[in-house]
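The values are calculated or read from the model by the stated rules, or taken from the named source; none is laboratory data. Worth saying up front: this structure is predicted, and the values here are computed from it rather than measured. Backbone-built Cβ (ideal geometry, glycine too); neighbour counts: all protein chains shown.
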Amino acid sequence: MSTRDLNACPQPARELDPISAALNAHRALIQALEQQRALIETFATEVSAAIERGGRVFWMGNGGSAADSQHLAAELVGRFERERRGLPAIALSTDTAVLTSIANDYGFEAVFARQVEALCRPGDVLIGMSTSGNSANVVRAMERAERLQLYRVGMTGAGGGRLRQCCELWIGVPSTSTARIQEAHMLIGHILCDLVERRAYNAAAQAE
């Protein structure tokens with residue numbers, strides 16, 4: 001084949017490098033979260049109202065979602081951006097003795113449900129994070145939480161899986177990429193912490 005023939009052949013479209021591809025996908029997804037504004041506002045309102053009634057906020061998830069649960073619980077207990085009282089939040093993935101004993105005796109699907117049964121009270125909020133929406137231990141805990149009259153929030157990716165069906169509030173990130181979904185969950189969580197903290201801070205300032 002001659003050089004002329006090679007030049008005449010159509011060249012495949014140049015793919016973006018992995019860094020640019022990830023950044024572009026992240027930007028597009030974060031912009032799409034604008035459509036979730038009303039749900040995020042409802043999320044913050046329900047969490048704030050529960051705390052004001054003396055309730056607590058429980059977080060759960062597996063793997064990266066477990067780490068995100070711990071991160072967001074810490075933002076509420078400690079502080080996000082303002083000095084204010086500590087807010088009651090607990091991640092159900094932190095006590096290794098509890099997790100391993102429940103998993104050993106009842107199976108891994110029970111690790112969150114058993115803790116919900118032991119720790120939660122009517123009026124508390126339970127937040128389940130699952131990119132697929134089908135994490136069996138998260139779904140089972142939500143089912144237990146319904147009987148205990150908790151306010152149930154599910155954070156998933158597109159579709160929502162089984163978790164969507166057992167929550168009062170469902171926030172589904174429009175993506176099937178685990179990494180992008182988790183990035184969006186963290187942003188939603190940070191917005192939640194900011195809104196809840198603002199309300200607590202303003203209430204304390206008015207009481208002075």
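Tabulated values for the structure
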quantity: Test result for residue 132, part of a loop (DSSP other than H, G, I, E, B) and either among the hydrophobic types (A, V, I, L, M, F, W, C) or under 15 Å from the mean Cα position of the chain (by Cα) (or both); calculated: yes
quantity: Search result, residues across the stretch 146-160 that are under 9 Å from residue 126 (Cα atoms) and touching a Pro at 6+ places or on another chain (Cβ under 9 Å); calculated: 150
quantity: Tally of residues being closer than 15 Å to residue 40 by Cα and either surrounded by fewer than 20 Cβ atoms within 10 Å (Cβ to Cβ) or of a type outside the set (Gly, Ala, Ser) (or both) across the stretch 134-171; calculated: 10
quantity: Residue, nearest to residue 186 (Cα to Cα), within the stretch 67-115, restricted to residues that are of a type in the set (Phe, Trp, Tyr) and in contact (Cβ under 8 Å) with a residue 12 or more places away in the chain; calculated: 80
quantity: Positions within the stretch 38-62 being over 18 Å from residue 142 (Cα atoms) and either out of contact with any Pro (no Cβ under 8 Å at 6 or more places or on another chain) or in a loop (DSSP other than H, G, I, E, B) (or both), in sequence order; calculated: 38, 39, 40, 41, 42, 44, 45, 48, 49, 52, 53, 54
quantity: Complete set of residues in the stretch 20-75 that are more than 20 Å from residue 179 (Cα to Cα) and basic (Lys, Arg); calculated: 37, 53, 56
quantity: Residue tally, condition more than 20 Å from residue 181 (Cα to Cα) and in a loop (DSSP other than H, G, I, E, B), over the stretch 76-94; calculated: 13
quantity: Tally, over the stretch 183-196, of residues that are in contact with a Gly (Cβ under 9 Å, 6 or more places away or on another chain) and either outside any helix (DSSP H, G or I) or under 18 Å from residue 89 (Cα atoms) (or both); calculated: 1
quantity: Residue within the stretch 90-106 that is farther than 28 Å from residue 200 by Cβ and surrounded by 24 or more Cβ atoms within 10 Å (Cβ to Cβ) present; calculated: no
quantity: Unique residue being in a helix (DSSP H, G or I), modelled with pLDDT of 95 or more and closer than 19 Å to residue 87 by Cβ when the list is 164, 199, 180, 144; calculated: 199
